[in-house]
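This report refers to the structure that appears directly beneath it.
The values are calculated or read from the model by the stated rules, or taken from the named source; none is laboratory data. What you see is a predicted model; the values in this text were computed from it and never measured. Here the Cβ positions follow ideal geometry from the backbone for every residue, glycine too, while neighbour counts run over all protein chains shown.
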Amino acid sequence: MTAEGTALLEASGLTVCRAEDGSVLLDGVDLRVGPGEVLAITGASGAGKSTLLHALLDTLPAGLRRSAGTVRRRGGVVQPGADGRRWRRARCGYVGQDPAVALHPRWRVERIVGEELTGPRAERAQRVRQALELLGLDEEFARRRARELSGGQAQRVVLARALAAGPDILLLDEPTSAMDRDTARRVIEAVRARRGVPELCTVLVTHDPTLVRELADQVLRLSSPATPPLPPRALGPRVGERRSGALGAVLATRGLRVVRPDGAVLLEGADLDLVPGELTTVLGPSGSGKTSLLHALAGRRPATGGQVRLRGRALAPQAHHRRRDELRAVQLVGQHPAGELNPAHRIGRAVARPLRVLHGLDARGSAVAAAELLAAVGLTADLAGHRPHRLSGGQRQRVALARALAARPDVLLLDEPTSALDAASARVVLDLLDRLRAEGMAVLAVTHDPAVARRADQVLHLRGGWLVPHGPVDPLPTVTGRTS
């Protein structure tokens, strides 16, 4: 434990409530992070981990307030308001859970990373290069625009921006959730380089036991929220109905070609067959084009060559040219649900809308079915009345899945479906997918999670523009290094 009086960052009695009803989200949290230390914050999805980071920084979203508690830096109280803002700018670096949402899509990477730097131009440019190189990003990458980045690349860019500024206190929220194991190792080494440096400390929110094991000097586990039991058939017979007479691929590609906005080829001549009742997973390094593949199948990013066929019928490259039944049949749950859920709509309405629009259910019927879907993904009924900003990243991820299932799709496309989930919540989602597949749904999941890949009927690897069969999936190796 940190010796008394030496903490770089500490909080005592930190309490966060909802402004509208006074319900408590964080109750009297205490923490101390000493010089050179890494504090890991763990707990189930929805336990308040991200809320705690925002409470420390005095950046709580609208509707939440810090009702009690004190934050101190080197023993001095950090007052909310202007004092807190000056402290954040001068001393703190923060990487949020949905970094891609916060990036200006037209800015180049080098501008993003150097945004907060001061001093001579040559010195700033050198600091940008060093931060990018530390995370495995070269000079060619520095000239890309934010809209050309994968989820894992966006995470590294935001981390590079934080590291380039040399913050005393670095706060990271699930910093490796969208990364393959080799890329994640670079992040581990970047955080490890701060460990033991007297002027620096790091606070890390994560579900990844490898990060905790390899980096943490202390672990703060937040208590789990209540999770509803999963009903034997929470979805009922309306969702995931067995597709009679479905033989062969329900969704197939032939010669699919996908390029980045700058013209670089991500996928070259891909052939893919998604069979009813099967889970296909696609692995590959960050930036290899996995998300672009899903977007091409869903019509969000038109392919530049080849065809996508639904039960033998060619689909239009762009979603707005597809028929309603085709849109219903192929549903995508993206990597950043915070940017996909309408912030003005309550969760219950978001999930119920496809049931009304696509299947003609009335208000009562759609509300009941929406509640079943939320329960099926492990969310409590009271969340139906909340808006997305009041949910954790893992909760938003599961809401997006429930909304996709409300369309009753034939094909479900998932982009890192367990990236923001603790192990127990991930098992709920994966068990649900197993049931849906048993009832005839085809699932394609892009993932870095071995737990997902180990359940797959077919595992493919995307590298250098080609989809190739992948061998057996082993557990993530332990990264050697100092442990506590």
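Name the residues in region 388-400 that are within 12 Å of the chain's Cα centre (by Cα) and assigned to a helix (DSSP H, G or I), would you?
Correct list: G393, G394, Q395, R396, Q397, R398, A400.
Given the criteria touching a Leu at 6+ places or on another chain (Cβ under 9 Å), assigned by TED's automatic domain parsing to the domain that holds A298, assigned to a strand (DSSP E or B) and touching a residue at least 60 places away in the same chain (Cβ under 8 Å), does H448 qualify?
no
Of the numbered conditions (1) at pLDDT below 90; (2) within 26 Å of A329 (Cα to Cα), D434 fails exactly one; give the number of that condition.
(1) is the only condition that D434 fails.
Out of (1) among the small types (G, A, S); (2) under 20 Å from A445 (Cα atoms); (3) more than 24 Å from the chain's Cα centre (by Cα); (4) surrounded by fewer than 22 Cβ atoms within 10 Å (Cβ to Cβ), the odd one out for G339 is which?
For G339, the exception is condition (3).
Only one residue in T418, T380 is surrounded by fewer than 23 Cβ atoms within 10 Å (Cβ to Cβ), closer than 28 Å to H54 by Cβ, polar (S, T, N, Q) and in contact (Cβ under 8 Å) with a residue 24 or more places away in the chain, so which one is that?
Going through T418, T380 in turn, the sole match is T380.
Is at least one residue of region 348-368 surrounded by 19 or more Cβ atoms within 10 Å (Cβ to Cβ), within 30 Å of T176 (Cβ to Cβ) and under 28 Å from the mean Cα position of the chain (by Cα)?
Yes.
Evaluate the following for R403: is it assigned by TED's automatic domain parsing to the domain that holds A438 and over 20 Å from the mean Cα position of the chain (by Cα)?
no
Looking at P276, P225, P229 in this structure, which one is modelled with pLDDT of 90 or more and assigned to a loop (DSSP other than H, G, I, E, B)?
After ruling out the rest, the residue left standing is P276.
Give the residue, chosen from R192, R185, that is of a type in the set (K, R), out of contact with any helix residue (DSSP H, G or I) (no Cβ under 8 Å at 6 or more places or on another chain) and not in a loop (DSSP other than H, G, I, E, B). Steps first, answer last, please.
Values: R192 fails: out of contact with any helix residue (DSSP H, G or I) (no Cβ under 8 Å at 6 or more places or on another chain).
Result of the check over R192, R185: R185.
Any residue in region 212-222 that is of a type in the set (S, T, N, Q) and at pLDDT 90 or above? Talk me through it step by step, then tell me what you get.
Here is the first cut: in region 212-222, the ones of a type in the set (S, T, N, Q) are 218.
Subset that is at pLDDT 90 or above: 218.
Yes, region 212-222 has at least one match.
Cβ-Cβ distance below 7 Å, separation of 6 or more or different chains: which pairs start in region 285-298 with a residue that is more than 14 Å from H448 (Cβ to Cβ) and crowded, with 24+ Cβ neighbours inside 10 Å and end on one that is among the small types (G, A, S) and modelled with pLDDT under 95?
Matching pairs, first to second residue: A296/A303.
Would you mention how many residues in region 37-80 are closer than 18 Å to C17 by Cβ and assigned to a loop (DSSP other than H, G, I, E, B)?
Total meeting the criteria: 10.
Restricting attention to region 133-157, which residues are within 30 Å of R32 (Cβ to Cβ) and surrounded by fewer than 24 Cβ atoms within 10 Å (Cβ to Cβ)?
Answer for region 133-157, where residues must be within 30 Å of R32 (Cβ to Cβ) and surrounded by fewer than 24 Cβ atoms within 10 Å (Cβ to Cβ): L134, L135.
Test of understanding: among S50, S45, which residue is buried (at least 21 other Cβ atoms within 10 Å of the Cβ), within 28 Å of H207 (Cβ to Cβ) and modelled with pLDDT under 90?
Criteria check complete, one pass: S45.
Can you work out which of the residues in region 314-349 that are at pLDDT 90 or above and charged (D, E, K, R) is farthest from R254 (Cα to Cα)?
Going through the qualifying residues, I end up with R346.
Listed residues A178, A162, A122; which is within 22 Å of P261 (Cβ to Cβ) and either of a type in the set (A, V, I, L, M) or not assigned by TED's automatic domain parsing to the domain that holds T51 (or both)?
Values: A162 fails: within 22 Å of P261 (Cβ to Cβ); A122 fails: within 22 Å of P261 (Cβ to Cβ).
Just a single option satisfies the conditions, and that option is A178.
Considering each residue of region 405-445, count those that are in a helix (DSSP H, G or I) and either β-branched (V, I, T) or more than 14 Å from S177 (Cβ to Cβ) (or both), and give that number.
Of the residues in region 405-445, 15 are in a helix (DSSP H, G or I) and either β-branched (V, I, T) or more than 14 Å from S177 (Cβ to Cβ) (or both).
Hey, among L315, L279, which residue is hydrophobic (A, V, I, L, M, F, W, C), more than 30 Å from R143 (Cα to Cα) and within 21 Å of the chain's Cα centre (by Cα)?
None of the others qualify; the one that does is L279.
Going by what's in this entry, would V351 be described as of a type in the set (V, I, T), at negative phi and touching a residue at least 60 places away in the same chain (Cβ under 8 Å)?
no
Filter region 93-107 for residues that are aromatic (F, W, Y) and either assigned to a loop (DSSP other than H, G, I, E, B) or not assigned by TED's automatic domain parsing to the domain that holds V203 (or both) and give the result. Give the derivation first.
Start the filter on region 93-107 by keeping residues that are aromatic (F, W, Y), which leaves 94, 107.
Hit for region 93-107 is W107, nothing else.
Anything in region 108-157 that is of a type in the set (S, T, N, Q), part of a helix (DSSP H, G or I) and closer than 18 Å to T183 by Cα? List them, or say none.
Q130, Q153, Q155
Sort through G75, G63 and tell me the only one that's surrounded by fewer than 15 Cβ atoms within 10 Å (Cβ to Cβ), touching a His at 6+ places or on another chain (Cβ under 8 Å), of a type outside the set (S, T, N, Q) and in contact (Cβ under 8 Å) with a residue 24 or more places away in the chain.
G63
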